[in-house]
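What follows is one structure encoded as structure tokens, with my remarks underneath.
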């Protein structure tokens, strides 16, 4: 099964848009890998995350903001011979985005970013009350390198 690299921004965007979750790889405080799933928003080459005001991930991102974000969709098992284990494989479409995370403090920008994310999942904007916006942590990942890959699809 052929594997192809994707560089076309529209095709990369289509893969990201199909994903319900992204996986953010960070460098843990001990220097080892630390990966978590997130709901996300994506707009103009930026990935947006939101989270509660506590947790290990906040310290990790503050300590080292360099991240790698993985997106994967359209998984489909295939085989060439159902009696031969090594003939099985998985079709997929994926994107890896490398970037730097920063924390968003501006109230209006947090609202805008929350609506980028909510539009992805619901198709609409929402009003927010001040306590909700003040208590949510919003992260902006500025992507500096992005690459797509597909296997088994044309």
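If only residues of segment 115-154 that are in contact with a helix residue (DSSP H, G or I) (Cβ under 6 Å, 6 or more places away or on another chain) and surrounded by fewer than 17 Cβ atoms within 10 Å (Cβ to Cβ) are counted, the one that is nearest to residue 68 (Cα to Cα) is 133. Contact map, segment 113-125: residues that are on the phi < 0 side of the Ramachandran plot paired with residues that are assigned to a helix (DSSP H, G or I), Cβ distance under 8 Å, separation 6+ or inter-chain. Pairs shown: 114/133; 120/17; 124/118; 125/115; 125/118; 125/119.
Selection of segment 64-104 for residues being surrounded by fewer than 15 Cβ atoms within 10 Å (Cβ to Cβ) and on the phi > 0 side of the Ramachandran plot yields an empty set. Residues in segment 85-108 that are in a helix (DSSP H, G or I) and free of Cβ contacts under 8 Å to residues at least 24 places away in the same chain: 85, 86, 87, 108.
Among the residues of segment 75-92, is any within 19 Å of residue 141 (Cβ to Cβ) and either modelled with pLDDT under 95 or in contact with a helix residue (DSSP H, G or I) (Cβ under 8 Å, 6 or more places away or on another chain) (or both)? Looking through segment 75-92, none of the residues is within 19 Å of residue 141 (Cβ to Cβ) and either modelled with pLDDT under 95 or in contact with a helix residue (DSSP H, G or I) (Cβ under 8 Å, 6 or more places away or on another chain) (or both). Restricted to segment 22-34, and to residues that are at pLDDT 95 or above and surrounded by 12 or more Cβ atoms within 10 Å (Cβ to Cβ), which residue is farthest from residue 51 (Cα to Cα)? Taking the candidates together, the pick is 27. Looking across segment 35-63, just one residue is in a strand (DSSP E or B), without any contact (Cβ under 8 Å) to a residue 60 or more places away in the chain and buried (at least 17 other Cβ atoms within 10 Å of the Cβ), and that is 38.
The values are calculated or read from the model by the stated rules, or taken from the named source; none is laboratory data. All figures in this text were calculated on a predicted structure; none of them were measured in a lab. Positions of Cβ are generated from backbone atoms using ideal geometry, with glycine treated the same way; all protein chains shown enter the neighbour counts.
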